[in-house]
Amino acid sequence: MFERVQFFLLAAAGMVAGGCVVVQQALNATLRSELSSSAFWAAFVSYTAGVLTLADYNRRVKEFTPTLSGPKYRNKCESWLKYHADTPTADEIYRIEQATSRRLKDQGAGLRRVDIDALRT
């Protein structure tokens, strides 16, 4: 069963990739007419813009590190939080996770189900 599903997924991926090639050729043709130049120049501009965009994306991703992935919080999984909920580190982790919530912001690790129900009303 798995082999059949894998086959169909790979076939679908091949069809999508083929469709992308057609779309890329159409975009290059449009770019060529806009630039009023050869197909080589249009392909070069298209490729260069794609590479520069990807390079910028890779640079930004490399610079970003989520707060909870830092060395201070490394190896602090849900099991650790369950058995260390009363520690200051657990409270910091909860506050970081709650920072973007309108209702849970700065509630910390001491939040109980009753408190959450009260915040909802």
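The values are calculated or read from the model by the stated rules, or taken from the named source; none is laboratory data. The structure presented is a predicted model; accordingly, all values stated were derived computationally and were not measured. Glycine also receives a Cβ, built like all others from the backbone with ideal geometry; neighbour counts cover every protein chain displayed.
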>> Between Thr53, Thr65, Thr48, Thr100, which is over 30 Å from Thr121 (Cα atoms) and outside any helix (DSSP H, G or I)?
In response: Thr65
> Any idea which of Val21, Val114, Val45 is at pLDDT 85 or above, hydrophobic (A, V, I, L, M, F, W, C) and either surrounded by 13 or more Cβ atoms within 10 Å (Cβ to Cβ) or out of contact with any Phe, Trp or Tyr (no Cβ under 6 Å at 6 or more places or on another chain) (or both)?
Replying inline: Val114
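Anything in segment 39-93 that is closer than 20 Å to Ala109 by Cβ and of a type in the set (Asp, Glu)? List them, or say none. I'd like the intermediate steps shown before the answer.
Our first condition is that a residue be closer than 20 Å to Ala109 by Cβ; within segment 39-93, this holds for 66-70, 72-93.
Of everything in segment 39-93, those that are closer than 20 Å to Ala109 by Cβ and of a type in the set (Asp, Glu) turn out to be Glu78, Asp86, Asp91, Glu92.
Does any residue of segment 79-93 turn out to be out of contact with any Cys (no Cβ under 9 Å at 6 or more places or on another chain), aromatic (Phe, Trp, Tyr) and not in a helix (DSSP H, G or I)? Please lay out each step first, then the result.
In the first step, residues of segment 79-93 are kept if they are out of contact with any Cys (no Cβ under 9 Å at 6 or more places or on another chain); the result is 79-93.
Now restrict to residues that are aromatic (Phe, Trp, Tyr): 80, 83.
This time we only want the ones that are not in a helix (DSSP H, G or I), so: none.
Among the residues of segment 79-93, not one is out of contact with any Cys (no Cβ under 9 Å at 6 or more places or on another chain), aromatic (Phe, Trp, Tyr) and not in a helix (DSSP H, G or I), which makes the answer no.
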>> For Ser33, only one of the following conditions fails: (1) of a type in the set (Ser, Thr, Tyr); (2) within 19 Å of the chain's Cα centre (by Cα); (3) modelled with pLDDT under 85. What is its number?
In response: (2)
> Quick one: how many residues across segment 6-29 are in contact (Cβ under 8 Å) with a residue 12 or more places away in the chain and within 26 Å of the chain's Cα centre (by Cα)?
Replying inline: 1
> Applying the selection to segment 88-105, what residues are more than 16 Å from Leu68 (Cα to Cα) and over 22 Å from the mean Cα position of the chain (by Cα)?
Replying inline: Arg102, Arg103, Leu104, Lys105
